[in-house]
């Protein structure tokens, strides 16, 4: 499920994902894996719009929760490290986990206004 909604012309994203593994026999896992990701863009100041005007600074708030119930296979675990969780590490280099909570924030400013 993916919800996209706009508030003051900035995009906000809320994504819910549920995976269900149905095992058949004792060799196959039975599990439920769920994730919730929320990203919000907040315009920090109002600026004059128009051609040649720089875009406003934006604060990005991001949160990600993931959890599982049951016999989760190791290849379906949440990876720790990589460009989406801990920058500077390769994907999965820190480890893997059955539950995860990530919270992040950043500020985006235009440093160069490119005109086509």
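Against the criterion of being part of a loop (DSSP other than H, G, I, E, B), surrounded by 14 or more Cβ atoms within 10 Å (Cβ to Cβ) and in contact with a strand residue (DSSP E or B) (Cβ under 6 Å, 6 or more places away or on another chain), residue 61 does not qualify.
The numbered conditions (1) touching a residue at least 24 places away in the same chain (Cβ under 8 Å); (2) at positive phi are all true for residue 34 except (2). Taking every residue in segment 55-68 that is on the phi < 0 side of the Ramachandran plot and pairing it with any residue that is surrounded by 14 or more Cβ atoms within 10 Å (Cβ to Cβ) and outside any strand (DSSP E or B), at least 6 positions away or on another chain, the pairs with Cβ-Cβ distances below 6 Å are 68/98. If you go through segment 99-116 and keep only what is over 17 Å from the mean Cα position of the chain (by Cα) and either within 19 Å of residue 31 (Cβ to Cβ) or without any contact (Cβ under 8 Å) to a residue 12 or more places away in the chain (or both), you end up with 111, 112, 114, 116. Residues in segment 87-107 that are touching a strand residue (DSSP E or B) at 6+ places or on another chain (Cβ under 9 Å), closer than 15 Å to residue 62 by Cα and exposed (fewer than 13 other Cβ atoms within 10 Å of the Cβ): 101, 103, 105, 106, 107.
Yes/no per residue for (1) exposed (fewer than 14 other Cβ atoms within 10 Å of the Cβ); (2) out of contact with any strand residue (DSSP E or B) (no Cβ under 8 Å at 6 or more places or on another chain); (3) modelled with pLDDT of 85 or more; (4) closer than 24 Å to residue 98 by Cα:
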| residue | (1), (2), (3), (4) |
| --- | --- |
| 4 | yes, no, no, no |
| 25 | yes, yes, no, yes |
| 69 | yes, no, yes, yes |
| 81 | no, no, yes, yes |
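The values are calculated or read from the model by the stated rules, or taken from the named source; none is laboratory data. Since the structure is predicted, the reported quantities are computational estimates derived from the model, not experimental observations. Backbone-built Cβ (ideal geometry, glycine too); neighbour counts: all protein chains shown.
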